[in-house]
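One structure is given here, and the rest of the page talks about it.
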Amino acid sequence: MKQRPSRHWLWLLALLAVSALLGSVQRSAAAGGTQPWFVRAVRSALVPVAGAVANALDARDAYLFSFVSATEVRRLRAENARLRAAAALYDERLAELAGEVDSLRKLMRLPALPGRSRVAADVVASFPSENRLVLSVGQSRGVRQGMPVVDGSALVGVVRDVGPNSSTVEMVSSPSLRIGAMALRNPPAAGLLRGESPTKLILEFLDFNVPVANNDLVVTSGYSERIPRGIPIGRIFQLEESREFGSRRSQVFPLANLGTVREVWVLQ
Amino acid sequence: MRKRGGLTGWGGIVVAALLLGFSAALQGQAHRLAVLGAEADYPLLVACTLALFETSKGGAVLGFLGGFLQGCMAGTSLGYVAFSRTIAGYLAARSREWIGPGLPTAVGVVFACTAIASILELFLPPAKAVFPSLGDTIGTATYNGVLAIPLYALLNRFFKPARP
């Protein structure tokens, strides 16, 4: 039987109401670091598909890259092998020093430092406009809300919510994410970092008279239960001062390439 | 297909579910498929194109499902995404009822509904910079309009538009 168009309006209104309801359920679940059941269900079905799509695009990129000159590929492979060997030496030394720090902290009855172990993860989906990444690991691999996520060299973001086999990362470029950070100086200039765009972060200093300059490296301050001290975030490229308001802030260029990151580590 | 037309029967439901699911999974890689800086919005493209074969009620449901899947995958703003897509799906189906079916209609409607959904999202939280986002909106709407051509042509071989 043909329905009157007015009934269609009712469907529209009902669906809009359901949208609002689902949105509020998702927000309250995210505040607790979890995912609601319907997000878990959709992700358990779609994350493998998204992973397959990402792999297919990687294969496409590899095919296109195969047209780059063979000499360049050989040079890059040799450089990669050399860097891996150098990194292995550093890893060994780092593990030795970390063990020493751990035993000293134990002797002083201090809590263990976060970020000691790490979980490798693939980025199965990236939503740069939402400042979000979806990772292929979740609770089953020990991922928890608030854990920092890094790529090879720098902080990418912080885990926002976690499901059994997937997690959502809020990238450092997100204006709603606040991270304790400092410019590496002697003494270090501490402040609070927030995102503004994928290529610009803002670091607001706590002390107006603190000495900072362009090109200073900005790292995590470690004033957090989950985020360890010293993870590189970016470099200062502009300083702004407002003497009337007693505020001083700097613009920071992130070191992590937030738009193209594919593999990351979750620090536990 | 049945006389009523539209995405009726199990075939229609399965095709719609597969297309919406795949498009939501593909959206996470949209930045890698960008052309001249413009990214397609695949769930919105699929929802609006499928809505062209449906009544306004079906269009609203398709838009809602596209937004719901995308919101679940992105892990944020599910309510706002589903809200704007439901309106876009409804308008897509309604426009086809007013204008009539056809490929030019499909391109125009998908372009317009993508732009409407994106502009609606501009005014929903979180706050976004309006002018850069408007540029992105035009790029996305154009990309979606172009992609609607093969998608509509393909779907048109299997489904007939529903009678209002």
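Laboratory data are not the source of any read-out in this text; all were calculated from the coordinates shown. As the structure is a computational prediction, the values presented were derived from the model and not from experiment. Positions of Cβ are generated from backbone atoms using ideal geometry, with glycine treated the same way; all protein chains shown enter the neighbour counts.
Describe numerically, in nm with one decimal, the distance between label points set 7 Å from Cα along Cα→Cβ at A:PHE38 and at A:ALA81.
Going from the A:PHE38 label point to the A:ALA81 one covers 5.4 nm.
Which shape class, rounded, prolate or oblate, goes with the protein assembly as shown when its Cα gyration tensor gives a ≥ b ≥ c as root eigenvalues, a/c under 1.5 marks rounded, and past that a/b bigger than b/c marks prolate?
Values: a/c = 2.12, a/b = 1.87, b/c = 1.13.
It comes out prolate by the Cα gyration axes.
Run lengths n ≥ 4 of DSSP H only: what is the helix-derived mean residue ellipticity at 222 nm for chain A, with -39500 (n - 2.57) per run over all residues, to the nearest 500?
So the helix-based figure for chain A works out to -12500 deg cm²/dmol.
Can you give the FRET efficiency to the nearest 0.05 for A:ARG109 and A:SER28, using r as the Cβ-Cβ distance and R₀ = 30 Å?
So, using R0 = 30 Å, E works out to roughly 0.20.
Pick from A:LEU12, A:LEU22, A:LEU193: which is most flexible by mean-square fluctuation in a GNM of chain A where alpha carbon atoms under 10 Å apart are linked?
The residue with the greatest mean-square fluctuation here is A:LEU12.
What is the Cα centroid distance between region B:46-94 and region B:103-124, reported in whole angstrom?
Computed from Cα coordinates, the inter-centre distance equals 11 Å.
Based on the alpha-carbon gyration tensor of region B:9-156 and its eigenvalue square roots a ≥ b ≥ c, which shape applies: rounded if a/c is under 1.5, prolate if not and a/b is larger than b/c, or oblate?
Verdict is rounded for region B:9-156.
Taking the number of other C-beta atoms within 10 Å as the exposure measure, put A:SER197, B:SER84, B:SER77 in order starting with the fewest.
A:SER197, B:SER77, B:SER84
What number comes out for the charge environment of B:GLY75, summing +1 per Lys or Arg and -1 per Asp or Glu over other residues with Cβ under 12 Å away?
Taking every other residue near B:GLY75 into account, the sum is +2.
Output the relative contact order of region B:9-156, whole-number percent, from Cα pairs under 8 angstrom with separation of 6+ residues.
Details: 233 pairs, mean separation 36.1, N = 148.
Averaging sequence separation for qualifying contacts and normalising by length gives 24 percent for region B:9-156.
What whole number of Å gives the distance from the Cα centroid of region B:27-43 to the Cα centroid of region A:196-268?
For region A:196-268 versus region B:27-43, the Cα centre distance is 29 Å.
Using helices alone, what [θ] at 222 nm do you get for chain B, with -39,500 (n - 2.57) per DSSP H run of 4 or more residues, divided over all residues and rounded to the nearest 500?
Numbers: 6 runs with 119 residues, N = 164.
Taken over chain B, the calculation gives -25000 deg cm²/dmol.
In a shell of Cβ-Cβ distance under 14 Å around B:PRO125, excluding B:PRO125 itself, what net charge do Lys and Arg (+1) and Asp and Glu (-1) give? Could the numbers behind the result be given before it?
Details: positive: A:ARG27, B:LYS128; negative: A:GLU130, B:GLU121.
Around B:PRO125, the charge tally is 0.
Please give the charge dipole size of chain B, origin at the Cα centre, charges +1 on K and R Cβ atoms and -1 on D and E Cβ atoms. Round to the nearest 20 debye.
In debye, rounded to 20, chain B gives about 680.
Using the Cα gyration tensor of region A:49-181, with a ≥ b ≥ c the square roots of its eigenvalues, what is the shape: rounded (a/c below 1.5), prolate (a/b larger than b/c) or oblate (neither)? Before the final figure, lay out each step's value.
Details: a/c = 2.30, a/b = 1.22, b/c = 1.88.
Judged from the Cα gyration tensor, region A:49-181 comes out oblate (a/c at least 1.5, b/c at or above a/b).
So, in the protein assembly as shown, how many Lys pairs have Cα atoms under 30 Å apart, if the pair is 8 or more places apart or on different chains?
For the protein assembly as shown, the number of qualifying lysine pairs is 7.
Modelling each spin label as a point 7 Å along the Cα-to-Cβ direction, I'd like the A:ASP61/B:ALA34 distance in nm, to one decimal.
Here the modelled spin labels are 1.4 nm apart.
Which is the longest run of chain A containing none of the GluC sites (Glu not before Pro) found in DSSP loop states (not H, G, I, E, B) with at most 15 other C-beta atoms within 10 Å?
It runs A:1-224.
Peptide B:48-61: average number of partner chain Cβ atoms within 10 Å per residue?
3
Specify the residue with the greatest mean-square fluctuation among B:PHE68, B:PHE131, B:PHE123, computed from a Gaussian network of chain B linking alpha-carbon atoms under 10 Å apart.
B:PHE131
Over chain A, what is the relative contact order in whole percent, taking alpha-carbon pairs under 8 Å and six or more residues apart?
Dividing the mean separation by the residue count of chain A yields 17 percent.
Given the Cα-Cα distance of B:LEU154 and B:VAL14 and 0.36 nm per residue of separation, how much length would full extension add, in nm?
Values: separation 140, 0.36 × 140 = 50.40 nm, distance 1.55 nm.
Value of the extension gain: 48.9 nm.
Mind listing which trypsin sites (Lys or Arg not before Pro) in region A:1-64 are in a DSSP loop and have 13 or fewer other Cβ atoms within 10 Å? Walk me through the intermediate numbers first.
Numbers: sites: A:LYS2, A:ARG7, A:ARG27, A:ARG40, A:ARG43, A:ARG60; in loops: A:LYS2.
Filter output for region A:1-64: A:LYS2.
So, counting K/R as plus one and D/E as minus one, what does the shell of residues with Cβ under 10 Å around A:VAL266 add up to? Before the final figure, lay out each step's value.
Values: positive: A:ARG118, A:ARG141, A:ARG144; negative: none.
Overall, the nearby charge balance is +3.
What longest region of chain A stays clear of chymotrypsin sites (Phe, Trp or Tyr not before Pro) that DSSP places outside H, G, I, E and B and that have at most 16 other Cβ atoms within 10 Å?
A:68-207
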